[in-house]
Amino acid sequence: MASASSLPPVPPHLAHQFSGQKNLAGAATVKKRPFPIHPKPEILYTATPLKLAKESPEARTTLWYHRKQKEKEAAGEYVKRNKQQRSNRTYTCSKCSELRLPLGHTQYYGSWFCMKTATQTFEEWRQEKEEERRKHKENAKQ
């Protein structure tokens, strides 16, 4: 690094006088806090593990809802039953009125083919439905 004596002199119009700050050593004061600072208390841990609530297959909110429903029912209040009962619904063919099983019944884009009541083979029926679908798509594009 170059020493100060080896640097060229600064022209007077570029010279800048730096004003230093006053010496404030010893002028600081200690402010008092409005509240005392206490050390943190030590946390004592027990040797026995804490007993956690038993895990339930249902969510806590569901259990809470069921408990509230039982309380309302016990108090004689109206309890809304909105749970839908699912049934094992079987689908029957509208053409032959039998169960729509994979054997004998085939679907192509919402149209059902019934082997018992069909007047044409499945391949002919499928080609006819594909042609209908192709024409429908072409009309939709226009």
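Structure notes:
- The residue list Tyr78, Gly104, Gln120 was ranked by how far each Cα lies along the charge dipole of the chain toward its positive end, using unit charges on Cβ atoms, and Tyr78 comes out on top.
- Nearest-ten-degree value, helix 122-141 long axis tilted from longest Cα axis of the chain: 50
- Principal-axis tilt of helix 60-75 within the chain, Cα atoms, nearest 10 degrees: 60
- Most mobile of Glu130, Glu58, Glu77 in a GNM of the chain (Cα contacts under 10 Å): Glu130
- The GNM of the chain, with springs linking C-alpha atoms under 10 angstrom apart, assigns the highest mean-square fluctuation among Leu103, Leu14, Leu24 to Leu14.
- With a threshold of 32 Å on the Cα-Cα distance, the over-threshold entries among Lys83/Lys137; Lys95/Lys137; Lys116/Lys137 are Lys83/Lys137.
- Dipole magnitude of the chain about its Cα centre (Cβ charges: Lys, Arg +1; Asp, Glu -1), debye to nearest 20: 820
- Entry note, the chain: the mean residue ellipticity at 222 nm calculated from DSSP H runs of n ≥ 4, each adding -39500 (n - 2.57), is -8500 deg cm²/dmol after division by the residues and rounding to the nearest 500.
- Loop-resident chymotrypsin sites (Phe, Trp or Tyr not before Pro) (DSSP state other than H, G, I, E or B) in the range 98-133 with no more than 15 further Cβ atoms inside 10 Å of their Cβ: Tyr109.
- Sites Thr119 and Glu71 - FRET efficiency at Förster radius 41 Å, r taken between beta-carbons, to 0.05: 0.05
Only the coordinates and a few stated rules stand behind these numbers; no lab work does. Predicted, not measured: the structure shown is a model, and the values here were computed from it. Here Cβ is always computed from backbone atoms with ideal geometry, including for glycine, and neighbour counts include all displayed protein chains.
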